[in-house]
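> Take this structure, written in C-alpha cells, and hold onto it; I'll ask about it next.
What follows is calculated from the coordinates using simple rules that are stated; it is not laboratory data. It should be emphasised that the depicted structure is a prediction, and the values quoted were computed from it without experimental measurement. Note that we place each Cβ from the backbone using ideal geometry, even for glycine, and neighbour counts take in every protein chain shown.
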Amino acid sequence: MIKSRAAVAWGAGQPLTIEEVSVQPPKAGEVLVRIVASGVCHTDAFTLSGDDPEGIFPSILGHEGGGVVEEIGEGVTSVAVGDHVIPLYTPECGQCKFCLSGKTNLCQKIRTTQGQGLMPDGTTRFSLHGNEIFHYMGTSTFSEYTVLPEIALAKINKQAPLKEVCLLGCGVTTGMGAVVNAANVKPGDTVAIFGLGGIGLSVVIGAVMAGAQRIIAVDINADKFELATKLGATDCINPQEYGDPIQDVIVDLTDGGVDYSFECIGNVHTMRSALECCHKGWGESVIIGVAGAGQEISTRPFQLVTGRVWRGTAFGGVKGRSQLPGYVEDYLAGKFRLDDFITHTMGLKDINHAFELMHEGKSIRSVIHF
Ligand code: NAD
Ligand code: AHE
Ligand code: ZN
Ligand code: ZN
C-alpha cells in the first residue's frame, strides 16, 4: 500500500479536496502509474456537476493524463517499469468482439466495471481512512499514483513531454480523430465546428490537416475566436449576434450547408443546429459533446430523409494502444502543436481553480503538474 496525493470528488457540485489516499498495489494484469501531468476536460466538470448518469462519489476524477510506469502486476508484459504511458479511458484489448470488428474503437472488455468506478475484478484500489474511493473512467488521473488495467495504457515515446502530450489522453485526440475517423474530411471540404474549447479547437487543427477549405467556428464566447483563427478557422461566428437560427445563417453562408459539422459543446440544441447546417443530400454531423442525464436530441426526420447523416464518436474513434503512440510521434515530428491549448498550469492543490477557469470561459486547457 502506498500513499498518494489525490483530488477527491465527494459529491455533485462540491469542490474537490486534496487528500492523502491509500493506493493498493497492482493486481494481476494491472499497472501502477505515477501521473506526471493531467489536463482538465469538460467531461470531468460534467461528472462533477451531477449530470453524468454514471457519476459515482466519492471518486477520483481525471482522464487526460501522462505518466510513468511505477510497478507492474503479475502477468503484465506489454509495459515495463519506467515506460512512459498515456492512460486510456477507451482501452484496447484486441480480443473482444468490438476490437475485432474493425468498425469501432469502443473496446468493451472492461466497460461494465469501469462505469461502476471499479477495476475489472470488481474492487477499487483507492481508499481513505479505510473507506473506499471509486475510480473514474478507469483512469483517475487526478491522483499522483493510479492503477490501471494493462489494456488501458498506451506506451509512448519517452522523448515526448508528458506535460504536453497528456492532452492526447482525451481532448486533442478526440477532436483530431473525429475529423478523420467519424467524418472523413477531404481537401476542399467545408466544415462547421460548434464550441471552441479543447475539443472544438482540436477539430479545427484536424480540419486544417485534412485540407478543409472553409472552417466555420461557432461559439458564444468571442474570446475564443483569436486562437481559432490562429489555428486555421476561416470564419468565426457568434450565434448571439444573429436574429436567425444559426443553422440558417451557416446554410446561407455556404451555398446550402457544410459537408461536415462537429458539435463540441454537449448541448442538445446546438446538436440540432449542427445537424441542420449540413448540406442536403450528403452533409454529416458528428456529435462529440456529452449531454446530461435525461437530455435527448431531436430534429425533423425529414432532415435525415433528405440525406443528412447524424453520427457520434468517443475518443475520436482512435484505438488507444495501436494508434495513440502514432499521434505522439506526429506531435514530435511537428505536425501539430499542443502549447496553444495549454492556457494555464497549476499544482494539484489549485485544481478547483482549473474548474472555475473552465466555467468562466477563460481557459482552453488547464494542466495539473504533480
Ligand atoms: P469547453 O468547456 O472547454 O468548451 C466548450 C465550448 O463551448 C466553450 O468555448 C463554450 O463557450 C462553448 N459553448 C457553450 N455553449 C455554447 C452555445 N450554446 N453555442 C456555442 N458555443 C457554446 O469543453 P471541452 O473540454 O472542449 O469539451 C466539449 C464537449 O466535448 C463537452 O461536452 C465534453 O464533455 C465533450 N467531450 C467528449 C469527448 C468524446 O469522446 N465524445 C471527449 C472529450 C470531451
Ligand atoms: N457517462 C456518460 C457518458 C460520458 C461519455 O460519453 N464519455 C465519452 C468520453 S468523454 C471524454 O471526455 C465516452 O468515452 N463515451 C463512450 C463510453 O463508453 O463511455 C453517460 O451518459 O452515461
Ligand atoms: Zn475528456
Ligand atoms: Zn476489446
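> Could you sort 124-131, 294-301, 65-72 so that the peptide with the highest average Cβ count within 10 Å comes first and the rest follow in order? Present the calculation step by step, with values, prior to reporting the outcome.
Working: 124-131: 15.8, 294-301: 10.9, 65-72: 22.2.
In descending order of packing, they fall as 65-72, 124-131, 294-301.
> Additional query: From the square roots a ≥ b ≥ c of the eigenvalues of the alpha-carbon gyration tensor of the range 175-313, which class results: rounded (a/c under 1.5), prolate (a/b over b/c), or oblate?
Numbers: a/c = 1.25, a/b = 1.16, b/c = 1.08.
In terms of gyration-tensor shape, rounded.
> Please name whichever of Pro245, Ser261, Val85 sits farthest to the positive end of the charge dipole of the chain, dipole taken about the Cα centre and charges placed at Cβ: Lys and Arg +1, Asp and Glu -1.
Positive-end residue among those listed: Val85.
> Also: Is there a quick way to get the dipole size of the range 175-313? I mean about its Cα centre, with the Cβ of Lys and Arg at +1 and of Asp and Glu at -1; what is the value in debye to the nearest 20? Please report the intermediate quantities before stating the final value.
On the way: 9 positive and 15 negative charges, 85 e Å.
So the magnitude is around 400 debye.
> In nm, to one decimal, how far is the modelled label at Lys158 from the one at Lys349, with both set 7 Å along Cα→Cβ?
My value for the distance between the label points is 3.2 nm.
> A further question on this structure: Give the residues of the range 67-102 whose amide nitrogen is closer than 13 Å to a point set 7 Å from the Cα of Ile2 in the direction of its Cβ.
67-73, 81-83
> With +1 on each Lys and Arg Cβ and -1 on each Asp and Glu Cβ, how big is the dipole of the chain about its Cα centre, in debye rounded to the nearest 20?
Working: 28 positive and 40 negative charges, 178 e Å.
My answer is approximately 860 debye.
> Still on this model: Label-point separation (nm) for Ile18 and Thr112, each offset 7 Å from Cα along Cα-to-Cβ?
Going by the 7 Å Cα→Cβ label model, 3.9 nm.
> Please get the size of the charge dipole for the range 66-147, origin at its Cα centre, with Cβ charges of +1 on Lys and Arg and -1 on Asp and Glu, quoted in debye to the nearest 20.
Details: 5 positive and 8 negative charges, 107 e Å.
Using Cβ point charges on Lys, Arg, Asp and Glu, the range 66-147 gives about 520 debye.
> Show which aspartates and glutamates lie in cross-link reach of Lys230 when reach means a straight Cα distance below 14 angstrom and same-chain residues fewer than eight apart are skipped.
Asp339, Asp340
> Then there's this: Compute the Cα gyration tensor for the range 1-152, then decide on rounded, prolate or oblate, letting a ≥ b ≥ c be the square roots of its eigenvalues: rounded whenever a/c is under 1.5, prolate when a/b is larger than b/c in the other cases, and oblate in all that remain.
Numbers: a/c = 1.67, a/b = 1.20, b/c = 1.40.
The shape class here is oblate.
> Measure up Lys103/Lys224; Lys109/Lys335; Lys97/Lys155; Lys109/Lys155; Lys109/Lys186; Lys97/Lys186 against 27 Å on the Cα-Cα distance and list the ones that go over.
Values: Lys103/Lys224 34 Å; Lys109/Lys335 33 Å; Lys97/Lys155 23 Å; Lys109/Lys155 19 Å; Lys109/Lys186 33 Å; Lys97/Lys186 30 Å.
Violating the 27 Å limit, Cα to Cα: Lys103/Lys224; Lys109/Lys335; Lys109/Lys186; Lys97/Lys186.
> With each label point set 7 Å from Cα along the Cα-Cβ vector, what nm distance links Ala293 and Glu329?
In this crude label model, Ala293 to Glu329 measures out at 4.4 nm.
> So, one more: On a full-extension model of 0.36 nm per residue, what is the gain between Arg311 and Tyr242, subtracting their alpha-carbon distance, rounded to one decimal in nm? Don't skip to the answer; put the middle values down first.
On the way: separation 69, 0.36 × 69 = 24.84 nm, distance 2.71 nm.
Result: 22.1 nm gained on full extension.
> When N is the residue count of the chain, what does its C-alpha Rg come to as a fraction of 2.2 N^0.38 Å? Mind dumping the intermediate values first?
On the way: Rg = 20.1 Å, N = 370, 2.2 N^0.38 = 20.8 Å.
Against the compact-globule rule of thumb, the ratio is 0.97.
> Based on the Cβ-Cβ distance of Asn221 and Val268, what FRET efficiency does E = 1/(1 + (r/R0)^6) give at R0 = 25 Å, to the nearest 0.05? Could you put the intermediate results ahead of the total?
Working: r = 19 Å, r/R0 = 0.77.
FRET efficiency, Asn221 to Val268: 0.85.
> To continue, here is another question. At a 10 angstrom cut-off on C-beta neighbours, averaged per residue, how do the peptides 165-171, 245-251 rank from highest to lowest?
Values: 165-171: 29.4, 245-251: 20.3.
By packing density, highest mean first, the sequence is 165-171, 245-251.
> A further question follows. Going by average Cβ density within 10 Å per residue, which order do the peptides 358-368, 50-60, 187-197 take, highest to lowest? Mind dumping the intermediate values first?
Numbers: 358-368: 19.7, 50-60: 17.6, 187-197: 24.4.
With the highest mean Cβ count within 10 Å placed first, the list reads 187-197, 358-368, 50-60.
> Taking R0 as 45 Å, what's the FRET efficiency between Lys186 and Asp121 from their Cβ-Cβ distance, rounded to 0.05? Present the calculation step by step, with values, prior to reporting the outcome.
Working: r = 45 Å, r/R0 = 1.01.
Approximately 0.50, to the nearest 0.05.
> What 222 nm value per residue comes from the helices of the chain, counting each DSSP H run with n ≥ 4 as -39,500 (n - 2.57) and dividing by all residues, nearest 500 deg cm²/dmol? Could the numbers behind the result be given before it?
Working: 12 runs with 92 residues, N = 370.
The helix contribution divided over the chain gives -6500 deg cm²/dmol.
> Starting from the exponent 0.38 and prefactor 2.2 Å, build the expected Rg for the range 289-370 from its residue count and divide its actual Cα Rg by it. Intermediate results must be reported in sequence, preceding the final value.
Working: Rg = 18.4 Å, N = 82, 2.2 N^0.38 = 11.7 Å.
Rg over 2.2 N^0.38 Å, computed on Cα atoms: 1.57.
> Return the FRET efficiency for the residue pair Ser322, Asn131: r is the Cβ-Cβ distance, R0 is 22 Å, and the value is rounded to the nearest 0.05.
On the way: r = 38 Å, r/R0 = 1.73.
Using R0 = 22 Å, I get an efficiency of 0.05.
> Just report the Cα centroid separation between the range 142-187 and the range 71-132, whole Å.
15 Å
> Right, next: Going by amide H atoms built from the backbone, whose H comes under 5 Å of the H on Ser261, apart from near neighbours?
Close amide H contacts, sequence-distant or interchain: Ala192, Glu284, Ser285, Val286.
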